[in-house]
Amino acid sequence: MSDKQTEVTPVELALGLLELPSPDHLTEEQVRGVTCLWDSEEEPLTEEAAVALGERSKGHPRGCPKHVAGAAYEALFMHCLGDCEVCSKDEQTVVDGVVQETPCEIAVTLRRLVLRKGRL
């Protein structure tokens, strides 16, 4: 019997950094992903507009593009100022006069969520 570890993708890591509302304060529709996780007063989410936030301990929540982008912006800020060695690296590599950056895949994914309004 082999021990297989499931590799977590940058997208899953980035979505895991989004600060979600407390499950104790969610409606049944929010937990099921029918309405936006951050705003239960919005219209029900359509398949085209909904952003899946991955499987959580309680349901499969989804958000609207506006709220997902806002949460991604906050997560990006906290991630880059936090303990990420790649994002906080002071060193720069210069090749032919051009600064080469080693992108942090998590930061790139969060930036995409912000710029593309919740779309990857």
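The values are calculated or read from the model by the stated rules, or taken from the named source; none is laboratory data. In this text, all values refer to a predicted model and were calculated from it rather than measured experimentally. Cβ: placed from backbone, ideal geometry, glycine included. Neighbour counts: every protein chain shown. We work out accessible area using only protein heavy atoms, side chains counted, and drop any ligands, DNA or RNA first. Shrake-Rupley method; radii C 1.70, N 1.55, O 1.52, S 1.80 Å.
Per-structure values
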{"item": "All positions within region 52-66 that are outside any loop (DSSP other than H, G, I, E, B) and open to solvent by 10 Å² or more (accessible area, probe 1.4 Å)", "result": "52, 62, 65, 66"}
{"item": "Residues that are of a type outside the set (Lys, Arg) and either open to solvent by less than 40 Å² (accessible area, probe 1.4 Å) or not in a loop (DSSP other than H, G, I, E, B) (or both), drawn from region 27-40", "result": "28, 29, 30, 31, 33, 35, 36, 37"}
{"item": "Contacts under 9 angstrom Cβ, first residue in region 58-80 being within 17 Å of residue 34 (Cβ to Cβ), partner of a type in the set (S, T, N, Q) and not in a helix (DSSP H, G or I), 6 or more apart", "result": "62/35; 64/35"}
{"item": "Test result for residue 33, more than 22 Å from residue 104 (Cα to Cα), in contact with a strand residue (DSSP E or B) (Cβ under 8 Å, 6 or more places away or on another chain) and of a type outside the set (Lys, Arg)", "result": "yes"}
{"item": "Selection count where residues are of a type outside the set (A, V, I, L, M) and part of a loop (DSSP other than H, G, I, E, B), scope region 11-26", "result": "3"}
{"item": "Residue 8 vs. criteria more than 17 Å from residue 118 (Cβ to Cβ) and part of a loop (DSSP other than H, G, I, E, B)", "result": "yes"}
{"item": "Of all residues making up region 84-120, the number that are modelled with pLDDT under 75 and closer than 20 Å to residue 70 by Cα", "result": "1"}
